[in-house]
Every structure is written in C-alpha cells, then in structure tokens.
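Written below as structure tokens is the structure these notes are about.
The values are calculated or read from the model by the stated rules, or taken from the named source; none is laboratory data. All values derive from a computational prediction rather than experimental measurement. Cβ: placed from backbone, ideal geometry, glycine included. Neighbour counts: every protein chain shown.
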Amino acid sequence: MKHQPLLCWIVENAVPYHKARLQAAALQSRLRVCIVELTNVDAHWSVQRPRERVESIQQRTLFYDRAWAEIDGRTMVQNLYTSLDELRPDVVCVNGWSFGGCIAALAWCTAHRVPAIMMSESTAVDHPRHAWKERIKRHIVRMCSASLVGGTPHRDYMAALGAPRDRIFTGYDVVDNEHFRVGADRARRMEQQLRAKLGLPRHFLLACSRFVTKKNLRRLIEAYSKYRYMAGATAWSLVVVGDGELKGELLIMRTRLGLDRHVHFPGAKSYSELPNYYGLAEAFIHGSTTEQWGLVVNEAMAAGLPVLVSARCGCAADLVVNRVNGLLFDPTDVDSIVQAIFQISHRSCDYRHMGRKSQEIIAQWSPHRFAEGLCGAVDAALRAPLPSPGLVDHLVLWALRKR
C-alpha cells in the first residue's frame, strides 16, 4: 500500500457539497483524493452551480457541457476506464447501484483488484421494493469492501443487503454547515434592505425543492390554504424556492385557492443566494412523500431554523427530534401538515429556541463527520479481503455497466 493512498470518488456531477465533503477528508486524513465527475452539467438545477476548483483535491471531468442523458453508455465506460487506468487509485467510491457510472467503476475495480466503497443514502422504505431488484443489489453490495451511508435507517438497509455491519460507516449526507450559518447570519444583519430587495414578506415559512411530484408541493399548498384559514391575519406567508415541471400547475393552484399574495415562488436560486432565504425565514418545511435523505433539511438547520419534516424523509430519524428542533408529520395527511405549520407559527412551540437546537444537532453532521466516516470505510476496505465475484456477479456488472 502506498504511503498516501489515492481515493477516487465517481459522481455524475460534482456539486458544492461533494467538494466540501472531500476537502474535509483531504485535510483530516492521509488520503490523496480525486473526484471524477462524468459531466459538468447539473441536470437537477437550472441555476448554474459554482465551478471553482478546490486546491486540496484533484478533479477530472469526462464530458464537458453534455447532459447525462446525452452521453452514450459505451463511450462513458471507455472514458471512465481510461481515466481510472491513468489515475491508478488505491480505493474507489461508487455512488449507489443504479446509474451515473457506478457499475462501470465497480467493474473496473473488480477487474483490477481494487477495493470499492459503496456510498448510499437509500433506505428500505424510500421506494417500493421488488424481490428481483433486491437480489441484484445484493450481488452489487457483496462486491464492495466497505460502505458509507447516510444515517441509522440507511445503515440498517445496507446490512439487510448483506454488507458486514462492522464495515458500514455513517456520515455520507452532510453539507458545508458554515456556508449556510455564516450566510444566514449575514442576511439577518442586512434584513431590512435584503427583504425589500428580494421581495420577501415579514414572516414566512420556507420550502426549497425541485417542483416534481415526490416533493409533495400540491399537498403543501393545500395544507397552507387550510392553515391560513385557521390562523387568519396572523398567518405567516409561504415562500417556495425552486423550479421544475409542476410550476405551471402550482401557479394555477395558488390562484384557484386565492393565495396569490401569500404564496411566493421566487424561482431557483444559486448556492450563494440560498442562505439569504434561510436567514430571513422563520421556519423550514420539507414534505416529500419519499426522500432518501433531504439535504435541504441540513441546510436549514445549519442556518438556525426549526424544521418541519416529513416522517418519510431519510434524514428524519437522525436529524429531527420531535418538538425539540422541529416537528414530524405524515406527508400523505393534509391535516397533519396543517397542524405542524400551525404549531410552529402560533407559539405552541418556541421556534427561536428550536432553531438554536437545530444548529446544535447539525453541528454533529458536518463535513468532519463525513471525513471520519470515509476514513473509517477506507481503512476497513484496505484491511478486508478482496471480494471474489462469481459468474452471476460478473454477469450483473456486464449487463449494467453502461448505466
């Protein structure tokens, strides 16, 4: 083994939280780290993310200015293999088991006898599970030497798929807490001019997500309408940051419910702009019907907000202590959402105190925690015997490598 092992993390697209995590790992460990992104185009956000390089980590981009859907699978595999052949990493991190080059990277590791670390934020209940798919996942998981996952339910699911528990580490799902804490504090100091500049109401509940079905924004707006009827003139406004395919439908729904003056859609915001919205909000809500983790909850907590979170979000078990730093609700029950909003806004909860508790809790989920988990996974992977794939394992890799 080299004195400074080289770790490569294969991702579809490198966004700021990837770099914050790897930078912490590079600074806290003996590892040399390299992030290999397949494309520099972020398919999930219309706002361009910052592209600055981080000095402590290497970075490679295989396809410039091409969306993932436009990249031919065979070409992706060839380019990824060439890059890994040049880098010769000592250990490789793969993001899950479905797409984004993860299976191709695992196939390279198997062929070159390099240990792989499975990174996952999946739980047993975030999607309907089918027996045949779970069998395929078990083949993939057993070809990895260690795992780095989100939190408690993610660790349990990875173990259920056959990963040894003593080689499963947590801390995968973290953000740059300081970016959101410092930015939110700055926004509060500049509150008067910023609120006017951004066109934000005096008191508001904030949501931040893509406008897609699983984010449950239809129910959120329906629940907000009922809450507003209950609260009357004392009701907070609702600000929903983001964009997506459902925006037209949500605009129509807002008008139909008579909420044009009370529900605000400022659009998608850049990474540098987001702390302003967190800083000027009273509380944060995330109501997805299914969510592997929910990093926006981390962001809101780092900014010092109480959080109203769907019990189906993967982060709920580890980040939300009910009635301490936030409230949990059933995302399929409009009345459950209404009650959560009403409680946080009508002082049955001390929401300022809850926001401070959020910051205390999320301090334990920083890039430092990711670095510790990753280093633990690397050490375990380098110590463990390399997996010995069978015929079915090789067939799985061959069949899925172009995804």
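Some observations on this one:
- Selection within segment 188-205 - over 18 Å from Tyr351 (Cβ atoms) and outside any helix (DSSP H, G or I): Met190, Gly199
- Considering residues of segment 169-187 that are part of a loop (DSSP other than H, G, I, E, B) and among the hydrophobic types (A, V, I, L, M, F, W, C) only, the residue surrounded by the most Cβ atoms within 10 Å (Cβ to Cβ): Val174
- Residue that is surrounded by the most Cβ atoms within 10 Å (Cβ to Cβ), among those in segment 101-139 that are among the charged types (D, E, K, R) and without any contact (Cβ under 8 Å) to a residue 60 or more places away in the chain: Lys137
- Filtered residues of segment 346-358 (kept if surrounded by 15 or more Cβ atoms within 10 Å (Cβ to Cβ) and either small (Gly, Ala, Ser) or not assigned by TED's automatic domain parsing to the domain that holds Ala235 (or both)): Gly355, Ser358
- Among the residues of segment 207-230, the one identified as in a strand (DSSP E or B) and touching an Asp or Glu at 6+ places or on another chain (Cβ under 8 Å) is Cys208.
- Checking each residue in segment 228-246 for being crowded, with 23+ Cβ neighbours inside 10 Å and either aromatic (Phe, Trp, Tyr) or not assigned by TED's automatic domain parsing to the domain that holds Val338 (or both) picks out only Trp236.
- Residue check for Lys402: assigned to a helix (DSSP H, G or I), surrounded by 14 or more Cβ atoms within 10 Å (Cβ to Cβ) and of a type in the set (Lys, Arg): no
- Selection status of Val378, modelled with pLDDT of 95 or more and farther than 23 Å from Met118 by Cα: no
- Pair list, Cβ < 6 Å and 6+ apart or interchain, from segment 1-19 residues that are within 13 Å of Met119 (Cα to Cα) to residues that are modelled with pLDDT of 90 or more and among the polar types (S, T, N, Q): Val11/Asn95
- Enumeration of residues in segment 26-41 that are modelled with pLDDT under 90 and either of a type in the set (Lys, Arg) or within 18 Å of His179 (Cα to Cα) (or both): Leu27, Arg30
- Evaluation of Val15 against (1) under 17 Å from the mean Cα position of the chain (by Cα); (2) modelled with pLDDT of 90 or more; (3) surrounded by fewer than 20 Cβ atoms within 10 Å (Cβ to Cβ) (one fails), failing number: (2)
- Filtered by the rule that a residue be more than 24 Å from Val321 (Cα to Cα) and among the hydrophobic types (A, V, I, L, M, F, W, C), segment 128-167 gives Ala131, Trp132, Ile136, Ile140, Val141, Met143, Cys144, Ala146, Ala159, Ala160, Leu161, Ala163.
- Filtered residue count, segment 247-257, keeping only those that are surrounded by fewer than 15 Cβ atoms within 10 Å (Cβ to Cβ) and under 20 Å from Leu198 (Cα atoms): 1
- When Gln192 is tested against (1) at pLDDT 95 or above; (2) farther than 19 Å from Glu291 by Cβ, exactly one condition is not met: (1).
- Candidates are the residues of segment 150-167 that are under 18 Å from Arg369 (Cβ atoms) and in contact (Cβ under 8 Å) with a residue 24 or more places away in the chain; the one that is surrounded by the fewest Cβ atoms within 10 Å (Cβ to Cβ) is Thr152.
- With respect to (1) touching a residue at least 24 places away in the same chain (Cβ under 8 Å); (2) out of contact with any Leu (no Cβ under 9 Å at 6 or more places or on another chain); (3) among the polar types (S, T, N, Q), the lone exception for Gln192 is condition (1).
Here is a yes/no grid of residues against (1) assigned by TED's automatic domain parsing to the domain that holds Pro266; (2) modelled with pLDDT of 90 or more; (3) under 23 Å from Ala377 (Cα atoms):
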{"position": "Ala24", "(1), (2), (3)": "no, yes, yes"}
{"position": "Ala43", "(1), (2), (3)": "no, no, no"}
{"position": "Ser56", "(1), (2), (3)": "no, no, yes"}
{"position": "Gln59", "(1), (2), (3)": "no, yes, yes"}
